[in-house]
1. Just to be sure before I move on: is S65 modelled with pLDDT of 95 or more, within 16 Å of ligand 3 (Cβ to nearest atom) and among the hydroxyl-bearing types (S, T, Y) in the structure I sent?
2. Which of (1) assigned to a strand (DSSP E or B); (2) buried (at least 21 other Cβ atoms within 10 Å of the Cβ) does L52 not meet, given it meets every other one?
3. Inspect all residues belonging to segment 139-159 and state whether any of them is surrounded by 15 or more Cβ atoms within 10 Å (Cβ to Cβ), outside any helix (DSSP H, G or I) and within 16 Å of ligand 3 (Cβ to nearest atom).
4. Step by step: first the residues of segment 308-322, then only those that are of a type in the set (S, T, N, Q) and touching a helix residue (DSSP H, G or I) at 6+ places or on another chain (Cβ under 7 Å), then the one that is farthest from R274 (Cα to Cα). Which residue is that?
5. Among the residues of segment 91-125, write down those that are in a loop (DSSP other than H, G, I, E, B) and either within 13 Å of ligand 1 (Cβ to nearest atom) or of a type outside the set (D, E, K, R) (or both).
6. When you check K181 against the structure, is it in a helix (DSSP H, G or I), crowded, with 16+ Cβ neighbours inside 10 Å and away from ligand 3 (no atom under 16 Å from the Cβ), yes or no?
7. Which of (1) in contact with a helix residue (DSSP H, G or I) (Cβ under 7 Å, 6 or more places away or on another chain); (2) within 15 Å of ligand 1 (Cβ to nearest atom) is the odd one out, the single condition E77 does not satisfy?
8. Taking segment 214-257 as the region of interest, how many residues are farther than 21 Å from A182 by Cβ and among the basic types (K, R)?
Amino acid sequence: MTEELKPNQITFDITDRCQMRCVTCSKWKTVAGDVLSKELTTQEWKKVLDGLHEWLGTDFWFCFSGGEPFLRPDIFEISEYAASLGINVASMTNGFSIEHYLEKIIDSPIKSLNISLNSIKDPKIHDTSRGREGSHQKIINAINRFNELRATTGKELGINLSTIVFPENLDELVPLAEFAKANYLGGIMFQIMDDKESFHGYNVQRACPTGTYKMPDELKKEYMNMANHACEVFDKLAEMKKEGYPIFNSYEQLEAIKMFLKNPDDILKSIDCRVGETNFAIDPYGDVRLCFNMAPVGNIRENSPKEIWENNLSKACRKATSKCKMYCRLLNCNFKGDFLNKKEEDKCPFRCFFKKLFKH
Ligand SMILES: C[S@@+](CC[C@H](N)C(=O)[O-])C[C@H]1O[C@@H](n2cnc3c(N)ncnc32)[C@H](O)[C@@H]1O
Ligand code: SF4
Ligand code: SF4
C-alpha cells in the first residue's frame with residue numbers, strides 16, 4: 001500500500017544560510033564557512049531533478065526554500081533545468097536581497113515567488129520579527145518594481161505573501177490581505193507561529209522528540225492569551241475569503257487554527273499529520289526528510305528519490321507520524337502547499353483529514 005504512495009510536495013532547501021536574524025527561526029545561525037563545501041552542487045541538484053522526473057513526471061508541487069534560497073546564485077540555473085523537464089518552479093524568499101535579482105527573476109522560469117511578510121501598516125512589526133531594520137521597505141520596493149515589470153513585460157510571475165501569525169501582528173492580518181488584493185498578488189498564506197525549535201539549520205543534525213514532545217508552557221500561554229482576538233480576526237479573514245480576497249488557507253485550516261489557539265491540545269486529537277505521505281524535502285547536504293522535525297530517511301547522494309521514499313526508514317517515519325505529539329500539523333505543509341494559483345479545490349489536497357472534524 002505505502003509503496004504506491006508518491007509525494008506531491010517536493011522542497012529543495014538549497015541552503016541553510018540566511019542574512020536575516022528572525023526571532024522565530026535560527027537557520028541564520030548557520031556559519032557559511034562550516035557548510036559551503038558540504039552543500040549539494042549545481043550538478044547534484046540537477047541529478048536529483050532527473051531522479052524525481054523519471055519517477056514522478058511533473059505531477060508535483062516544487063519549491064525552493066532554505067535558509068534564503070537566493071543566496072545560491074545557481075538557483076536560476078537549477079530552475080532552468082527544472083523547467084526544461086516541464087516542472088513548475090516556485091520559491092520562497094525573505095525578500096531582503098532580491099532587489100539585486102528582480103529582472104533576473106522575472107526573466108527566469110520561476111513562476112511563483114512567495115515572499116515572507118509579517119506586517120504592512122506597522123513596518124516595525126515585520127522588521128522586529130525578522131531582526132533587520134529596513135527589511136519591510138525592501139519587500140515593498142520589490143513588490144512595486146515587480147508590478148511595474150509585470151505590466152511592462154507582460155511576463156507572468158505569481159507573487160504571494162506568506163505571513164507568520166503571532167500576538168504582535170494580529171491587527172496586521174486583515175490589512176495584509178487587503179494589500180495582497182490591492183496589489184494584484186496571487187494570494188496570502190497565513191501560518192501560526194510554531195515552536196522556533198522546529199526551525200533550525202540542518203547542519204545541526206537534530207531530530208525533535210516528536211513522540212514525547214511537550215509544548216513549552218510559555219508558548220502555550222501565548223497562544224491561549226491571543227485566542228479571543230485571533231478568533232475574531234480569523235472569522236473576518238474567512239468572510240474576506242468568501243468575498244474574493246486571495247487568501248490561500250482553506251476554510252478548514254482557518255477553523256483549525258481557531259480551535260488550536262483556544263486549546264492547543266485539541267488539535268492533536270482532531271487532526272492527523274500526513275506529511276509522511278506527501279512531503280519529500282531535501283536539505284542542503286542531500287539528506288531527505290518526510291517530516292522536517294524527524295531524522296533523515298536517506299541521502300540523495302547515495303540513493304535515488306524513489307529508493308529513499310520506499311525504504312524502511314521512510315516506512316518507520318510514516319508510522320511515527322501517527323504517534324507524533326507536535327503541533328506543526330497545523331502548518332501549511334500539512335494542509336496544502338499550493339501557491340500556483342490552481343483551482344480552489346486543488347489547493348487543499350487533504351480535505352479528507354477533516355472528515356471527523358468538519359463532517360464534509
Ligand atoms: C524557514 S523560511 C525559509 C524561506 C525564507 N528564508 C523565508 O523566510 O521566506 C520558510 C517560512 O517559514 C516561516 N517561519 C519561520 N519561522 C517560523 C515559525 N517559528 N513558525 C512558523 N513559520 C515560521 C518563514 O516566515 C517563512 O515563511
Ligand atoms: S525564517 Fe527565513 S529569513 Fe528568517 S532566519 Fe529563517 S530562513 Fe532566514
Ligand atoms: S506534526 Fe507532522 S510535521 Fe510536525 S513533527 Fe509531527 S509528523 Fe512531523
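1. yes
2. That leaves (1) as the condition not met.
3. Checking segment 139-159: not a single residue is surrounded by 15 or more Cβ atoms within 10 Å (Cβ to Cβ), outside any helix (DSSP H, G or I) and within 16 Å of ligand 3 (Cβ to nearest atom).
4. Looking at residues that are of a type in the set (S, T, N, Q) and touching a helix residue (DSSP H, G or I) at 6+ places or on another chain (Cβ under 7 Å), I get S314.
5. N94, G95, F96, S97, Y101, S108, P109, L117, N118, S119, I120, listed by residue number.
6. yes
7. The single condition E77 does not satisfy is (2).
8. 3
The values are calculated or read from the model by the stated rules, or taken from the named source; none is laboratory data. Note that the coordinates shown come from a computational prediction; the quantities given were computed from them, not determined experimentally. Backbone-built Cβ (ideal geometry, glycine too); neighbour counts: all protein chains shown.
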